[in-house]
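For reference, the structure is listed below as structure tokens.
The values are calculated or read from the model by the stated rules, or taken from the named source; none is laboratory data. It should be emphasised that the depicted structure is a prediction, and the values quoted were computed from it without experimental measurement. In this analysis, Cβ positions are derived from the backbone assuming ideal geometry, glycine residues included, and neighbour counts consider all displayed protein chains. Quick note on the areas: whole protein, heavy atoms, side chains included, nothing else; ligands and nucleic acids left out. Shrake-Rupley method; radii C 1.70, N 1.55, O 1.52, S 1.80 Å.
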Amino acid sequence: MEKHVPLDLINDILSRLPVKSLLRFKCVSRGWCFLINDQNFIKLHLKRSTQSNSHSSLVIVQYTKLSLVDLSSLLVVEEVADDSLRQLFRGSIKVLGICNGLLCLSNSAYNRNILWNMSTREHLTLPPVPENFLLYPTPETMKLFGLGYDPIDDDYKVIFVSQTYQSKHKGIFYSLRSKSWGKIHDYSNWIYCGSGSGVYASGALHWLVSRSWKEMMENSDVFIVAINLNTRKQQFFRCPDQDPDQDQHQDQEYKAWNIPPHRFDFKTIEVLGEQLCAMDLNGNHNFTADIWLMKKYGVQESWTRLFSIPYFHTGYISSYAGLFVHPLTCSKNCDEVLVDVGHDHARLIFYYNPKNKSVRYVNIPTCQNSSFEVQICHENLVSLTSRERP
């Protein structure tokens, strides 16, 4: 067949197929095996999977169970029952980060961490974090973590940040390429006020943070910190519609950050279509949840209100103070957004159409209570154990 079909055409066709098929097709010939293992082919396959949402799934995590949900039918395709995962995680499973189909998973004590490719079922146990890095929780510390891709080094990296209240935070990076932890880095003393898991976009991991407990509790000062995976440096972004002239703080260190307080109620940040987005739950004087998109990364003026969800669509859960809105992905024709809305006591997942402001509530069999995590996961052929460049 290879003698009669141009290699470029074979490459184009194979790059559109699901990972499960490609793993079988490695046995067709030595040439096909070499092609499917090629780093350029792996990147092309991931790019097409990500841009078109083809071969993408929802990953549902409930305690010790992971499930794959088909995006087109929203039916459970597979309940993952991998023996290696059962042995690694005898208790609950925590998702520390997700990027390009790779998951960073941990147990409840954060002392056993693995990278796991959802598509190939390949996993890699991370070595212990160096003893001089404070990882375990105490009354004075909390942790931030995340998984992302460094496009400069062509490397997937895991980050842990130990947060203390009296001194600078400590951050440490694990490199899939070198299979080792790097040196410890210092970061400013901010307080995170959202999820501990960082949101990956544009080569950096992002968290919603505040400058002090008082300001966080009063919701008077929330902004975004970004840690670049290549330079390891931190950068600060204002949330949408914040006026630099309103900064009333006198602390010189905080003023050097150039991050003023905001007037809105930003509870969560996410990524939608590979772009950073922020959710304002105080939109239109508590009548809507506004989803903002940073169309040009790092440019404050590029924040654009993408759409607003009227609170009556969130039903009985809108009255809770802990309400969150989590846009997951766009439909294939891009006219609807799949949204996860919830609180500790209730959960709703629905498609929202911003044009006609309509909703389509969906029922995912495995999501029958509020205690679950849900993330979008794209298929990826990257090897976690190969000595070659990831």
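Summary table below
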| quantity | calculated |
| --- | --- |
| Among the candidates 46, 58, residue that is in a strand (DSSP E or B) and modelled with pLDDT of 85 or more | 58 |
| Hits in the stretch 60-77 (condition: in contact with a Phe, Trp or Tyr (Cβ under 6 Å, 6 or more places away or on another chain) and surrounded by fewer than 21 Cβ atoms within 10 Å (Cβ to Cβ)) | 62 |
| Residue within the stretch 264-272 that is more than 27 Å from residue 53 (Cβ to Cβ), modelled with pLDDT under 85 and either part of a loop (DSSP other than H, G, I, E, B) or in contact with a Lys or Arg (Cβ under 8 Å, 6 or more places away or on another chain) (or both) present | yes |
| Residues of the stretch 198-213 satisfying the condition of being within 20 Å of residue 375 (Cβ to Cβ), buried (at least 20 other Cβ atoms within 10 Å of the Cβ) and touching an Asp or Glu at 6+ places or on another chain (Cβ under 9 Å) | 199, 201 |
| Pair list, Cβ < 8 Å and 6+ apart or interchain, from the stretch 205-217 residues that are more than 17 Å from residue 326 (Cα to Cα) and aromatic (Phe, Trp, Tyr) to residues that are surrounded by 17 or more Cβ atoms within 10 Å (Cβ to Cβ) and modelled with pLDDT under 85 | 213/191 |
| Verdict on residue 202 being on the phi > 0 side of the Ramachandran plot and modelled with pLDDT of 65 or more | yes |
| Qualifying residue in the stretch 309-324 (condition: in a strand (DSSP E or B), within 21 Å of the chain's Cα centre (by Cα) and at pLDDT 75 or above) | yes |
| Any pair with Cβ under 7 angstrom, 6 or more apart, that starts in the stretch 55-66 at a residue that is of a type in the set (D, E, K, R) and ends at one that is open to solvent by 60 Å² or more (accessible area, probe 1.4 Å) | 65/79 |
| Residue under evaluation residue 57, criteria (1) under 25 Å from residue 351 (Cβ atoms); (2) open to solvent by less than 20 Å² (accessible area, probe 1.4 Å), criterion not met | (2) |
| The stretch 14-50: number of residues that are exposed (fewer than 14 other Cβ atoms within 10 Å of the Cβ) and touching a strand residue (DSSP E or B) at 6+ places or on another chain (Cβ under 6 Å) | 0 |
